[in-house]
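Q: I have a structure here, written as structure tokens, and I will follow up with some questions on it.
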Amino acid sequence: MENTKFENKNICRECGGKCCKKCGCDYSTDNFQDLSMKALEEILSEGKISIVAALNIKKSKNGNKFIIPFLYLRARNKKRNIVDLLSLKSECSMLTKDGCPYSLEERPKGGVNLIPYIDGCFPYEEPLKIVKGFEKYQSTLSKMVKRLTGKTVDQKLREDIENLFYDITIGNFEYVSDRERKEIAPLLYDLADIYPEICRKGIDRAKKSQVVLRRK
């Protein structure tokens with residue numbers, strides 16, 4: 001890769017980091033020498049990376065939708081947890097007024113993959129290829145989710161879905177870009193279809209909290 005293709009500070013300065021303000025960059029397994037449980041624990045303890053999930057929506061033979069989460073690592077977003085399987089994506093926690101603090105060589109591969117362009121960055125490779133290497137670490141990441149949260153991946157995902165609908169209902173969009181608010185809409189319909197009771201629980205909890213605030 002030629003650095004001039006993948007880094008143009010003049011364009012990024014004029015842009016202001018729209019991609020970075022939408023979300024932190026995805027990591028590739030190539031970014032790490034070791035992803036054993038011990039190494040992963042040390043990586044996460046630095047507070048700069050989260051375990052996240054891509055949600056693969058499938059259909060059973062009878063036509064019912066279901067979700068298979070694919071776990072991987074991403075630069076930590078602002079106001080997000082060490083295990084952040086699903087939430088409104090927010091601004092990268094590493095973003096500074098001077099841009100990304102990492103050199104191109106240190107940057108998550110998902111960020112290096114972005115080619116700067118005046119109308120917005122675009123990926124050089126298919127983004128899913130960047131995280132594909134985490135396929136063989138699904139068990140390790142699942143065990144780490146359990147260790148850090150006390151919950152299985154499915155339990156944590158359900159909790160995150162409820163909190164997502166809670167945040168949207170109360171309008172908690174701190175550090176969330178307009179682009180993210182638009183792009184998450186199709187997923188919300190799928191989640192409401194697959195997990196109706198959990199989504200309703202988040203909405204009802206939000207409405208109750210708003211009633212309490214009004215009474216105060």
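The values are calculated or read from the model by the stated rules, or taken from the named source; none is laboratory data. Bear in mind the structure is a predicted one, so any value in this text is a computation, not a measurement. Here Cβ is always computed from backbone atoms with ideal geometry, including for glycine, and neighbour counts include all displayed protein chains. The protein model used for the area step is the full one, side chains on, heavy atoms only, and it has no ligands, DNA or RNA in it. Shrake-Rupley method; radii C 1.70, N 1.55, O 1.52, S 1.80 Å.
Q: If only one of ILE198, ILE184 is under 26 Å from LYS18 (Cβ atoms) and among the β-branched types (Val, Ile, Thr), which one is it?
A: Criteria check complete, one pass: ILE184.
Q: Looking at the stretch 147-188, which of its residues are β-branched (Val, Ile, Thr) and without any contact (Cβ under 8 Å) to a residue 24 or more places away in the chain?
A: Residue satisfying the conditions is THR152 alone.
Q: Considering the stretch 141-186 alone, what residues qualify as being open to solvent by less than 50 Å² (accessible area, probe 1.4 Å), over 20 Å from LYS208 (Cα atoms) and in contact with a helix residue (DSSP H, G or I) (Cβ under 6 Å, 6 or more places away or on another chain)?
A: SER142, MET144, VAL145, THR149, VAL153, LYS156, SER177, GLU180
Q: Could you list all residues from the stretch 112-126 that are free of Cβ contacts under 8 Å to residues at least 12 places away in the same chain and either touching a Ser or Thr at 6+ places or on another chain (Cβ under 9 Å) or closer than 19 Å to TYR102 by Cα (or both)?
A: Selection gives PRO123 alone.
Q: Here is a further query. Quick one: GLY120 ticks every box in (1) in contact with a Cys (Cβ under 9 Å, 6 or more places away or on another chain); (2) modelled with pLDDT under 95; (3) part of a helix (DSSP H, G or I) except a single one, so which number is it?
A: Against the list (1) in contact with a Cys (Cβ under 9 Å, 6 or more places away or on another chain); (2) modelled with pLDDT under 95; (3) part of a helix (DSSP H, G or I), GLY120 comes up short only on (3).
Q: Failed condition for LYS59, given (1) within 18 Å of the chain's Cα centre (by Cα); (2) free of Cβ contacts under 8 Å to residues at least 40 places away in the same chain, with all others met?
A: In the conditions (1) within 18 Å of the chain's Cα centre (by Cα); (2) free of Cβ contacts under 8 Å to residues at least 40 places away in the same chain, LYS59 misses (1) alone.
Q: Go through the stretch 87-110 and give me each residue that's of a type in the set (A, V, I, L, M) and open to solvent by 20 Å² or more (accessible area, probe 1.4 Å).
A: Selection gives MET94, LEU95.
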